[in-house]
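Peer 1: Here you go, one structure.
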Amino acid sequence: MKIYEKAPAKINLLLDVLRKREDGFHEVEMIMTMVDLADRLEMEELPRDTIIISSQAGYIPLDEKNLAFQAAKLIKDRYDVRKGVYIHLDKKIPVAAGLAGGSSDAAAALRGLNRLWQLNIPEEELCRLGAELGSDVPFCVTGGTALATGRGEKLEQIENPPGCWVVLAKPPINVSTADVYGKLRANEITSHPQAKDMLSAIRHGDFHAICDGLGNVLEKVTLELYPEVLQLKESMQRLGADGVLMSGSGPTVFGLVSKEAKLARIYNGLRGFCKEVYVVRLLT
Ligand code: ATP
């Protein structure tokens, strides 16, 4: 039997870091939602006790470093599954982009293997397993829109923001999340985005208040390291996006756009100097 599972990309409407914890992780407050740019996982049971990963994307690991492999291994070990699986990753989400592509693949593997092997693992338990693989994985298991606290694994589902267009632009650099967090001085952050204002904007379906409330404290670090990300932000603003922010630790910048009529100008303006531009919708 073959099954398919979609793994959508996430964007952070808000990313705040409250402090660095003694265990080395950062205490964060994030509001995350999904967009309809997605990888697709094809999963097929193998009679042999093995995990095989393939992908058309030549630049991701296909061994035990792949997060989908790790998800399969975790579920096999924890539930004593003696069968194997072949997972093909049809990658559409750019890699190391701040869009949680690897985390979403891991989450899709957990959801998919739960179905394939009829394990009936409740979603909460899948989230707990996901947290062992990475801080963004639990959110990718549930999807939707959520406020994430702790190191990102404590989730409170909230309603989805009103539908809009999302323009994603990724400059040709790979940013390491660990590197950005490593350079962040959590106690020196002077301006924190206000999660309660963003939550209220989402609750009221107020698109302009959502655009005004966008904020990400990691921007300062990444923008200083990579001036091209700042250039991209400024261009998107100039071209007329309603709200613009870097996602996660970057380098992808997203613009929220309410009017379809604006899209061609923004897309063409960005494509003049940035090869990877996507026009998608929020998943609502
Ligand atoms: P985040 O926003 O969660 O920090 P990201 O979008 O910045 O994630 P990913 O695309 O998840 O980054 O890739 C981060 C690293 O993980 C890459 O260097 C890549 O080699 C590795 N990786 C492992 N598994 C995968 C996967 N299934 N897809 C993409 N990258 C993977």
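Peer 1: Sum up the lysine pairs in the stretch 2-158 that clear both bars: alpha-carbon distance under 12 Å and a spacing of 8 or more or different chains.
Peer 2: Qualifying lysine pairs in the stretch 2-158: 4.
Peer 1: What is the angle, in °, between the Cα long axis of helix 67-79 and the longest principal axis of the Cα atoms in the chain? Nearest 10 is fine, range 0 to 90.
Peer 2: Approximately 40 degrees, to the nearest 10.
Peer 1: Now for a separate question. Given a Förster distance of 25 Å, report the FRET efficiency between VAL95 and GLU260 from their Cβ-Cβ distance, rounded to the nearest 0.05.
Peer 2: The formula returns an efficiency of 0.30 here.
Peer 1: Label-point separation (nm) for ARG19 and ILE158, each offset 7 Å from Cα along Cα-to-Cβ?
Peer 2: It is 2.3 nm.
Peer 1: Just want to confirm a number: the relative contact order over the chain, from Cα pairs under 8 angstrom separated by 6+ residues, in percent.
Peer 2: 22
Peer 1: Could you give the dipole magnitude of the chain about its Cα centre, charging the beta-carbon of Lys and Arg +1 and that of Asp and Glu -1, in debye to the nearest 20?
Peer 2: 540
Peer 1: A follow-up question, please. So what's the gap between the Cα centers of the stretch 119-163 and the stretch 91-105, to the nearest angstrom?
Peer 2: When both Cα centres are located, 16 Å separates them.
Peer 1: Let me ask you something else. Under a 10 Å cutoff between Cα atoms, tell me which one of GLY255, GLY58, GLY134 has the largest fluctuation in the Gaussian network model of the chain.
Peer 2: It is GLY58.
Peer 1: Mind telling me which of LEU41, LEU232, LEU263 comes out most flexible in a GNM of the chain, alpha-carbon contacts under 10 Å?
Peer 2: LEU263
Peer 1: FRET efficiency for GLU45 and GLU234, Cβ-Cβ distance as r, R0 = 30 Å, nearest 0.05? Don't jump to the answer; show the numbers that get you there.
Peer 2: Numbers: r = 50 Å, r/R0 = 1.66.
E between GLU45 and GLU234, to the nearest 0.05, is 0.05.
Peer 1: Something else now. Using the basic label-point model (7 angstrom from Cα toward the beta carbon), what is the ARG82 to LYS275 distance in nanometres?
Peer 2: So the label points at ARG82 and LYS275 sit 4.9 nm apart.
Peer 1: Under a 10 Å cutoff between Cα atoms, tell me which one of ARG115, ARG78, ARG271 has the largest fluctuation in the Gaussian network model of the chain.
Peer 2: Among ARG115, ARG78, ARG271, the largest mean-square fluctuation in the Gaussian network model of the chain belongs to ARG78.
Peer 1: State, to one decimal in nm, how far the label point of TYR59 lies from the label point of ALA178, with both points 7 Å from Cα in the Cβ direction.
Peer 2: 1.9
Peer 1: Taking the alpha-carbon set of the chain, what are its Rg and Dmax in Å?
Peer 2: In order Rg, Dmax, the Cα atoms of the chain give 18.7, 56 Å.
Values in this text are rule-based calculations from the coordinates and carry no lab data. Just so it is clear, the model here is predicted, and its values are computed rather than measured. Note that we place each Cβ from the backbone using ideal geometry, even for glycine, and neighbour counts take in every protein chain shown.
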